Amino acid sequence: MKSGLSNIVVLTGAGISAESGIDTFRAADGLWEQHRIEDVATPEGFARDPDLVLRFYDMRRAALAHAEPNPAHHALARLDQEFSGELLIVTQNVDDLHERAGANRMLHMHGELKSALCLSCEMRSPWDAPMLDRPPCPVCAAPSLRPDIVWFGEMPYQMERIYAALREADLFVSIGTSGAVYPAAGFVREARDLRAQTLELNLERSEGSHWFDESRLGRAGDLVPQWVEAVLGG
Ligand code: APR
């Protein structure tokens, strides 16, 4: 690891929450909690069968109550609290385990289960209840809420801020993501082109593994605390 790091960008994916009991997306059967991704993670799927989609995210939101941050989330929260340089944790995950572990310098590029987006007034509201029964929007009262999740075909959030951070990074670390979904899968090349060091921590080689300077294979709950200890320990 390069010494004298001053600017780190971390990208996390479903693999960092796997040891907390939250299913990853690309299991071998190609299904996600028994559903086709096209049915539950696209605007077309929502238009076709809104009840199916609302019920699906209601169940996932409710399941968060039974999941706890694992050592990988805690290690990144420690990095956030103790690293004196610049840091941005970009998560593709819609769970709230990074923030529950105590991370602050982070953003959710694919939205959040605990947020509602109103299709009528376009405002976002913190949300912790079911949506299937079409509750009113807290801002405009229209019964038009949808999960505040970035579906396939929609624009991820805060891309300008992410690319600005990548331009300044001297280390880019990707944790628990298959590298199958763009634009996140392209961050490693963006960082490399700008001469950042690149490190992958994943259970298996991701699709873009060859773009990384280094790949460490194993469980996030083991690899992330070791890496954070090395960064903070100098
Ligand atoms: N530790 C580290 N890595 C793990 C672990 C673990 N305990 N368990 C699984 N992994 C790895 C898998 O090997 C896989 O490479 O995590 C990766 C998870 O990949 P995906 O399921 O594809 O999840 P992700 O990359 O986050 O998906 C990206 O796709 O469906 C969309 O919007 C959704 O944000 C999601 C995006």
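Summary table
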| item | result |
| --- | --- |
| Of all residues in the range 15-28 being within 6 Å of the ligand (Cβ to nearest atom), surrounded by fewer than 21 Cβ atoms within 10 Å (Cβ to Cβ) and at pLDDT 90 or above, the one that is farthest from the chain's Cα centre (by Cα) | Glu19 |
| Selection within the range 142-179 - within 23 Å of Arg55 (Cβ to Cβ) and surrounded by fewer than 14 Cβ atoms within 10 Å (Cβ to Cβ) | Ala142, Pro143, Phe152, Gly153, Glu154 |
| So Tyr182, is it surrounded by 14 or more Cβ atoms within 10 Å (Cβ to Cβ) and either within 16 Å of the ligand (Cβ to nearest atom) or over 16 Å from Leu87 (Cβ atoms) (or both) | no |
| Considering residues of the range 83-96 that are polar (S, T, N, Q) and touching a residue at least 24 places away in the same chain (Cβ under 8 Å) only, the residue nearest to the ligand (Cβ to nearest atom) | Gln92 |
| Matching residues in the range 185-197 - criterion: being within 16 Å of the ligand (Cβ to nearest atom) and touching a strand residue (DSSP E or B) at 6+ places or on another chain (Cβ under 6 Å) | Phe187, Val188 |
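Table: residues versus (1) within 19 Å of Ser20 (Cα to Cα); (2) in contact (Cβ under 8 Å) with a residue 12 or more places away in the chain.
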residue	(1), (2)
Ala47	no, no
Leu52	no, yes
Asp58	yes, yes
His66	yes, yes
Ala72	yes, yes
Ala77	yes, yes
Gln81	no, yes
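So that you can scan it fast, the table gives a plain yes or no per residue for (1) free of Cβ contacts under 8 Å to residues at least 40 places away in the same chain; (2) more than 28 Å from Arg124 (Cβ to Cβ):
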residue: Gly153; (1), (2): no, no
residue: Glu168; (1), (2): no, no
residue: Leu171; (1), (2): no, yes
residue: Arg189; (1), (2): yes, yes
residue: Leu194; (1), (2): yes, yes
residue: Thr198; (1), (2): yes, yes
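The values are calculated or read from the model by the stated rules, or taken from the named source; none is laboratory data. It should be emphasised that the depicted structure is a prediction, and the values quoted were computed from it without experimental measurement. We place every Cβ from the backbone using ideal geometry, glycine too, and count neighbours over all the protein chains shown.
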